[in-house]
Structures are given as C-alpha cells and as structure tokens.
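Report on the following structure.
The values are calculated or read from the model by the stated rules, or taken from the named source; none is laboratory data. Since the model is a prediction, treat every value here as computed from it, not as a measurement. Heads up, the Cβs are rebuilt from the backbone with ideal geometry, glycines too, and the neighbour counts pull from every protein chain shown.
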Amino acid sequence: MESIETVVGLLLTMMILSYLIDDTAVYRLAASLLVGLSVGYFMAAMIWNVLIPQWRELMTVTDSLRRGLLFVQVGLGISIMAKGIPRLGLMGDLGLAIAMGIGVGTAGAGAVFGTLVPQLTAGMGQGIGVGLLATLLALLGVQFYRPPVRGLWMDSIWAGLQALGRAVWAFALGTLFGGVLITGISLLIGQAEFLIQTFSQWWR
Amino acid sequence: MLRRVMLAGFLSLGILSALLSYVWPQMILRQSLTELGSTLLAYAAIVGFLSFLEAHFRRVGARAEGWPYSLVTALAALAFLSLSLVEGGLRGSGIASPWTNWVYRHVLLSLEASIGALLPFFMILALWRLVRTRHSTYVLFFVAGVLTMLVAYSSGLPLPSLLGSLYETFLSPLITGGVRGILMGVAIGVVILMVRALLWADRPMEQ
C-alpha cells in the first residue's frame, strides 16, 4: 500500500505533465489549484509572519516610542485597506503613496549601493580585457548617453558601437536563458525519476 | 490639486526616508523602515486578496468562459488560508502546523516542481518561435549564448571540451562583462526612475 503522499504527488504530476499531450482540462484544473494554493499560502504567510506578531506586540508593548511606531504602521496599513472603499479612496492613496515611495527609494538606494558600486568595484578589479570591453559595450547598448558632437563619421561609429553593445546584450541574455533552461531540465529529470521510481515500485 | 500635492508629498517622503536609512545608517531607522514596508505590503496583500476573490467569484457568477477553473482557484485559496488560520490558531504554531505543512509539501510543492519540469518545453518552444519569426543578427547572438551555456554546463558529456580554452579566455569574461553591463544598465534605469518619481516628473499614483 503506497502512502497517500506518493499517490497525491503522482496524480498532480501526471495532471500537470498532461500538457505535453495537449492543453487539457486536467492540466488547467491543476494549474488553477496551483495558483489558488500559492495565493492562499502567500496570504497565510503574511498574516502569520507579519500581521499577527505585530498585533500581539501592540497589545503587550510598554515602550512608548515602540508603541508609537507600531501605531503609525498599523494606521498606514489600515489606510491602505481603505482603498477598497470608494469614499475613503484618498486615505488609501496616501498610504499607498508612502508604501510606493519606500519601495522606490529602497530600490533606488539598492541599485546604487547593492548593484552599481559592487559591480563597478568588481569590474575595475578585473583590469582591462574582454570583460571590461563587454561591460562598456553593454552600457552603450542601453542608450543612456549620446555624444554631443554629431556628423556622418561620428554617427556611424556610434551606431556601430551600439550595435555591438546590443549583440553583447543578446549573447548575455542568451546565456541567462540557457542557465534557466538547464535548471528546468534538472527539474524535469527529477520529476521523471520520481515517476519512474513510483511506477517501478508498483510494478514489483 | 490638493490631492496631487498630498500624494506627491507622501511619495517623496517615502523615498527620502528610504534614502535616509542608507545615507545615515542607523539600525533603528532601517529596522523601522523594513517593518513599515513589510506591514504595508501585508495590508496591501489583504486588499489584493479580496480583489482576487471578487474577480474570480464574479466570473463564476457570470458563468464566464472557464468559470469552473476560477471556482477551483478561489476555493483553493480560501481553503488553504482557512486551514492555516484555524489550525494555526488552535495549535498556536502558525503556518508551520502539521496539516498546513502537509498541503504545502505534498500538494503545492508537487505542483510547483511539475510546472518547473514543463519549463524546458515552454522555453524551447519560445526559442523556436523567436528563431522562426525574428530574422535578426541579434537572434543569432542570443541562440549562440544559449548553446554556449548548454555546451559549457553539460557535465558528464565530452561536450565542454569542444570549447577548450576559448571558454576560459574569451567566453566567460564576455558573459560576465555582458551581464555586469546589463545589471548596471538596469540599476541606472532604476535610479533615474527614482529621481523622476522624487521630482514628480513621473506620477505613478495617477496611472
């Protein structure tokens, strides 16, 4: 007698892999289940890991500064929920504006301190070579800068450099795509192994 | 007008307070901002979850095409959340309760792994469509990049030896440099977006 876990896993795997035959109703059912459960899991994680600990702390906290901070957080959070009520839309928009501001600010600061500075440092550490050339060409390819001096020669050279930059982009994106493909193939092998093992056990 | 000014002010306040924690690195400030960010995300998730349910149940009510799938999606989300709340509340173990964990490990992870196993088929199909529909030199570079990775990382096969020292001396620095350039380009784009939002040149709240 197989464990219920194996049967459930096998059934769901077969339902999803039925897509290889056609876009079947069974596949869509499993995909809908995946979306629903993922959303439910995300929501449960938010409630259990963020909201409930915060509400509990709000009930017990004695430090007035901490209590003030918690009240601000909960107040802004409730203002976001007010977005669902048309009359209180502005309140919700203000909460969202703060949230969006913090998100944009954190992303911008993260881009500078988490990407630009470390990547510049790492790039300079490698010296002059193919890597540096590829980085410069890729940066030219994104067209943030255009030389002020114009002319037939300058335009041709500039267009050529940008074309090379786009070629570096295409090649680098291709390698990233290849990396994800390799990960997908590993997952496929894992699922195939699971199916083969389960069926061979049942066969015996 | 007043609404616009208030929105711009709140947005800029959010951006400046996020930047302040980097310019003036104080633990309490950074911790408060992280908490505030996650709290606002959690409340926004509740609004999003309710909208998600409303959209799916509206489709079910209108008997729109594919409504049974909407019903399954909405019920699965509700069932998982209810199970987690009831079981977690009774046992006091939150999301790590046994039944919730069982559904997560044996249903959700199974489905995710199976969808992941379909990924190579989707990706190869997309690559094939790209090659067929776009006749550009850049597509050739893209395919060359894909093949390079497949050859270089086909462990257990003699394929990597085909590239020889070319991979170490030329291709690997080219890939690293190219990806670095892409990352820096994206980072510059994010910074420009932030400055434009700060100066209210872009108005994300009005779109």
request  = Scan the range B:39-60 and give yes if some residue there is more than 29 Å from A:L65 (Cα to Cα), polar (S, T, N, Q) and in a helix (DSSP H, G or I), otherwise no.
outcome  = yes
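Yes/no per residue for (1) under 30 Å from A:Y41 (Cβ atoms); (2) buried (at least 18 other Cβ atoms within 10 Å of the Cβ); (3) more than 8 Å from every other protein chain (Cβ to nearest Cβ); (4) not aromatic (F, W, Y):
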site: B:M1; (1), (2), (3), (4): no, no, yes, yes
site: B:R4; (1), (2), (3), (4): no, no, yes, yes
site: B:F10; (1), (2), (3), (4): no, yes, no, no
site: B:G14; (1), (2), (3), (4): yes, yes, no, yes
site: B:A18; (1), (2), (3), (4): yes, yes, no, yes
site: B:V23; (1), (2), (3), (4): no, no, yes, yes
site: B:Q26; (1), (2), (3), (4): no, no, yes, yes
site: B:Q31; (1), (2), (3), (4): yes, no, yes, yes
site: B:A45; (1), (2), (3), (4): yes, yes, no, yes
task = Being within 7 Å of chain B (Cβ to nearest Cβ) and polar (S, T, N, Q) is the filter here, so list the residues in the range A:85-137 that pass it.
result = A:T106, A:T115, A:Q119, A:T135
Residues of the range B:54-101 classified as polar (S, T, N, Q), more than 8 Å from chain A (Cβ to nearest Cβ) and in contact (Cβ under 8 Å) with a residue 12 or more places away in the chain, total = 1
request  = Among the candidates A:L116, A:L120, A:L140, single out the residue that is in contact with a Leu (Cβ under 7 Å, 6 or more places away or on another chain) and at pLDDT 80 or above.
outcome  = A:L140
note = When every residue in the range A:75-84 that is at pLDDT 80 or above and within 8 Å of another protein chain (Cβ to nearest Cβ) is compared, the one surrounded by the fewest Cβ atoms within 10 Å (Cβ to Cβ) is A:I78
In the range B:113-137, the residues that are surrounded by 17 or more Cβ atoms within 10 Å (Cβ to Cβ) and not aliphatic (A, V, I, L, M) = B:S114, B:G116, B:P120
query = Any idea which of B:R30, B:R3, B:R105, B:R63 is of a type in the set (K, R), modelled with pLDDT of 80 or more and assigned to a helix (DSSP H, G or I)?
reply = B:R105
